[in-house]
Amino acid sequence: MMARRAALIGGVLLAVACVERVSAPGACPSFCPSGQIQIVDTVLTSIIARDSAFRGYVTEPHAPLMLAADLPGIVDGRPIFRIKGFGPTFVLSATDTGAILGADSARLRLTVARRDTGAHNLSLRFYRLPSTIDSTTTFTDLTGPFTDSLVKTVNIDTLLALPGRKDTLTGDSVVVDTVNHVLVLNLKLDSTAGRYVGPTDSGTAAYGVRVSADSLASIALTKSTLSWQWYLRVDSAGMPVARTPALRGAAFASFVFDPPPPPPDSTLAVGGVPSARSILRVAFPRFIRDSSQIIRGTLTLVPAAPVRGAPSDSFVVEAHTVFTDVGAKSPIIVDATRTDTTVVRIGVSDTVRIEVTNLLQFWASDTTRATTLVLRAEQEAASFSLIRFYPSLAQAFRPALRITFVRRFPFGAP
Amino acid sequence: MTRATRISVLVLLGPALTGGAVVRAQDSQFGIRGPGTPGRWESVRSRSTGGAFGPFDPLSALTEAGLADVPQLTATAMQSASYRDAEIAGTITALRGTRFPLLNVAGRVHRRLAIAAGFTTYLDRSWDVTLRDSVALRGTLERYTDEVTSDGSIADLRLAAASRLSRRLAIGAGLHLLAGSTRETAERRFDDTTFHTVQQLAEVRYSGMGVSGSLLLGVAPGLSVIGWARADNRLRATVADTTSAETDLPRMAGGGMLFSPSASVRFGGSVAWRGWARAGAGAFDTWSWSAGAEIGGGRMPFRFGVRGGQLPFGPGATAPTEFAAAAGTGRAFAQGRALLDAGVERLERRGGGLTERVWTALVGLTVRP
């Protein structure tokens, strides 16, 4: 009897057990809520002010790449690097040190991080430079050595075309890294090109590189992977012995170029070498910040001149906000979720649009933040590419913000 | 644990065990554009008679005068599950919902005075509307999907008292506190993800008050009539302590008749008017009626009834209409100290091109410890 009753109660409860499905297609306006999502799209032309540009954030010696280019009328860039030597003597063993008689040869390993695949007959020419090169060395300082001190020429296209991508006569080879999309050059310098001058220069050697091609000669060499291998001859109790010391990296790596960057003016410069950044102060309207939800924000910038740089060096312009606005040294917030970007192509002068929705939403969520935008190249000083925008002083072409936002939904209304 | 105690526990825990511990009644697409879908304030027993016994039922929240004859402390709760097909322009959408629309406790505090407290659903505001459309933005037609939802209801918390003044006359009065909340969301997803998704939500709180009164008259042996009236003030909706809307609530009045030719047969009928038109545009005054019977005075009576009338909210110039037929039964346990009522209702609503067909299963538990 109890079982029957329990079954009865259980069955009834099961019949009304929890079920929920309330989602239905809307048949508007008859059977839809009276409140609607209201979207407003507006262009705010006067909220950006007190904008300025600054240069020198990343300089040639601190850039991750060495830029080589031979683009007449645009830029002539030449990497330079210095390899520290071992001095006049070499430690043969714990009890024996011998004078370095010279080098049989040397091997240079270079990584071509970027090149224009449209460039044909791409060649590198290596020049011996004074071992005194440093961050103050200019293009003009090296005009002489880059004219009369050629030690080696390598045609990369020829090397790539050889079986096994190896030149058995010169000892040069190239590896195509399809994963990282780079070329790794392994170059042999004979005893003349890779001369070891121990007594006067402590074995320090400095070289410069020029690039050439039928056209579009522009490459970037990675500094961090540059390595140098000496094959030395050392005097061991009157007998010359061969020694292969440890690999050496570049003690100094940079590049020189001509013409120099244009002097700072009222335009908003971004990119180039040394890298330039532009700072824009935004008077973020309260009626948008406080009572709306921003769904899209676009910063529009009008270039004051066509984008300058190597044709293959399209670059990414990033828009960041700052922790605090202290002018040129404002610390930027480097956070992928609060960074907006756009790609800028060389030579074009069209209006540049950067989607800054993430930044605007960030400002709306934290009203204590400085509403300052910093524009910079994604990889600073990694290309000669430079763009200059009209500033807010240029009334007709001033920067503007186009914001699409949603007003507060009328919750609670019948 | 005594049998009655076990059943009492079941009354209180039953809805929770089945997941329906939400104070809401059966909802409708007709309520989306208005303040909500009005709830039904009847117990399972009354719902099974089409609502005809509602004015006389002390465990329904419709009137108070019927409380005067409550013999002892009595508690009831009900749960309903609705399976609703909403058809518009040839498209049918199947919807489901489980609700816990009524809890009532009544008892005698004096020889001539009985009181009751409980809640029922005043307006249900649970719906979820999805919409596909496009809008011209920045010179381009952007397609999007909207989803606007509301989840919650407004409860009618009633404190009522009734007194039998004479063998033929009983009166009652009630104070109603309207309280509730809904969690509302509005979302828009653009096909073009350059536009971020719009997501807004709010907790909307509702408050209001009302008073009611009723009079039960024994016209003749086995024949009773009842009249009732109720006036509610304004329903105030607040979002984050800011009043977002105020809706005038209706005045209501109704009456009923109960005829019991014998101890095992009862017939009833009722009619009600509700002045919802003052709630604003798109709202209508409504009339509703019901007729039903209960046959069998033993441990398992059979109940049936029909009801019809109008719905207060809908598009167009006339109020939507509804018609329902219901049937049910009950079973006494524990020497009559516990009652399990069950019913089923078939309802059809029409108006503005929308037709809703609803099957509702009803379960109620009543204990008299």
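Restricting segment A:295-311 to residues that are crowded, with 22+ Cβ neighbours inside 10 Å and among the β-branched types (Val, Ile, Thr), which is nearest to B:ASP191 (Cα to Cα)? Looking at residues that are crowded, with 22+ Cβ neighbours inside 10 Å and among the β-branched types (Val, Ile, Thr), I get A:ILE295. Comparison of B:ALA231, B:ALA272 shows that the only residue that is surrounded by fewer than 17 Cβ atoms within 10 Å (Cβ to Cβ), more than 22 Å from B:ILE32 (Cα to Cα) and modelled with pLDDT of 95 or more is B:ALA231. Within segment A:326-354, being touching a helix residue (DSSP H, G or I) at 6+ places or on another chain (Cβ under 7 Å) and of a type in the set (D, E, K, R) holds for A:ARG338, A:ASP340.
Let's see how each residue does on (1) among the basic types (Lys, Arg); (2) not in a loop (DSSP other than H, G, I, E, B):
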{"site": "B:ALA253", "(1), (2)": "no, yes"}
{"site": "B:PRO261", "(1), (2)": "no, yes"}
{"site": "B:ARG266", "(1), (2)": "yes, yes"}
{"site": "B:ALA272", "(1), (2)": "no, yes"}
{"site": "B:ALA281", "(1), (2)": "no, no"}
{"site": "B:SER288", "(1), (2)": "no, yes"}
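The residues of segment A:66-86 that are within 23 Å of the chain's Cα centre (by Cα) and of a type in the set (Phe, Trp, Tyr) amount to a single one, A:PHE81. When the residues of segment B:98-138 are filtered to those that are more than 10 Å from chain A (Cβ to nearest Cβ) and outside any strand (DSSP E or B), the one that is modelled with the highest pLDDT is B:ARG112. Entry remark, segment B:220-251: residues being assigned to a strand (DSSP E or B), in contact (Cβ under 8 Å) with a residue 40 or more places away in the chain and not acidic (Asp, Glu) number 7 in total. Among the strands (runs of 3 or more DSSP E) confined to segment A:67-148, the ones with at least 3 residues that are more than 17 Å from A:SER212 (Cβ to Cβ) are located at A:75-83, A:89-91, A:97-115. Whether any residue in segment B:197-204 is assigned to a strand (DSSP E or B), of a type in the set (D, E, K, R), more than 9 Å from every other protein chain (Cβ to nearest Cβ) and surrounded by fewer than 21 Cβ atoms within 10 Å (Cβ to Cβ) is what I want to check. No, because not a single residue in segment B:197-204 is assigned to a strand (DSSP E or B), of a type in the set (D, E, K, R), more than 9 Å from every other protein chain (Cβ to nearest Cβ) and surrounded by fewer than 21 Cβ atoms within 10 Å (Cβ to Cβ). Quick one: would you say B:ALA293 is free of Cβ contacts under 8 Å to residues at least 12 places away in the same chain and among the small types (Gly, Ala, Ser)? The answer is no for B:ALA293. Within segment A:310-364, the set of residues being hydroxyl-bearing (Ser, Thr, Tyr), touching a strand residue (DSSP E or B) at 6+ places or on another chain (Cβ under 8 Å) and not in a loop (DSSP other than H, G, I, E, B) comprises A:THR321, A:THR341, A:THR342, A:THR357. Could you list, in sequence order, the residues of segment B:321-341 that are among the small types (Gly, Ala, Ser) and either surrounded by 23 or more Cβ atoms within 10 Å (Cβ to Cβ) or more than 13 Å from chain A (Cβ to nearest Cβ) (or both)? Scanning segment B:321-341 gives B:ALA324, B:ALA325, B:ALA326, B:ALA327, B:GLY328, B:GLY336. Candidates in segment B:179-196 are the residues that are facing chain A (nearest Cβ under 9 Å) and assigned to a loop (DSSP other than H, G, I, E, B); of these, the one that is farthest from A:GLY26 (Cα to Cα) is B:THR194. Of everything in segment B:95-152 that is of a type in the set (Lys, Arg) and surrounded by 22 or more Cβ atoms within 10 Å (Cβ to Cβ), the residue that is nearest to the chain's Cα centre (by Cα) is B:ARG99.
The residue of segment B:163-196 that is surrounded by the most Cβ atoms within 10 Å (Cβ to Cβ), among those that are among the aliphatic types (A, V, I, L, M) and within 27 Å of B:ALA245 (Cβ to Cβ), is B:ALA186. Would you tally the residues in segment B:339-351 being in contact (Cβ under 8 Å) with a residue 40 or more places away in the chain and in contact with a Pro (Cβ under 9 Å, 6 or more places away or on another chain)? Of the residues in that region, 2 qualify.
Scanning segment B:32-81 for residues that are facing chain A (nearest Cβ under 10 Å) and out of contact with any Phe, Trp or Tyr (no Cβ under 7 Å at 6 or more places or on another chain), we see that the one that is farthest from B:PRO320 (Cα to Cα) is B:MET78. Consider A:LEU299 against the criteria (1) within 14 Å of chain B (Cβ to nearest Cβ); (2) not in a strand (DSSP E or B): it satisfies all of them except one. Which criterion is unmet? Just one mismatch for A:LEU299, condition (2).
The values are calculated or read from the model by the stated rules, or taken from the named source; none is laboratory data. Note that the structure is a prediction, hence the values are computed from the model and not measured. So basically every Cβ, Gly included, is an ideal-geometry build from the backbone, and we count neighbours across all protein chains shown.
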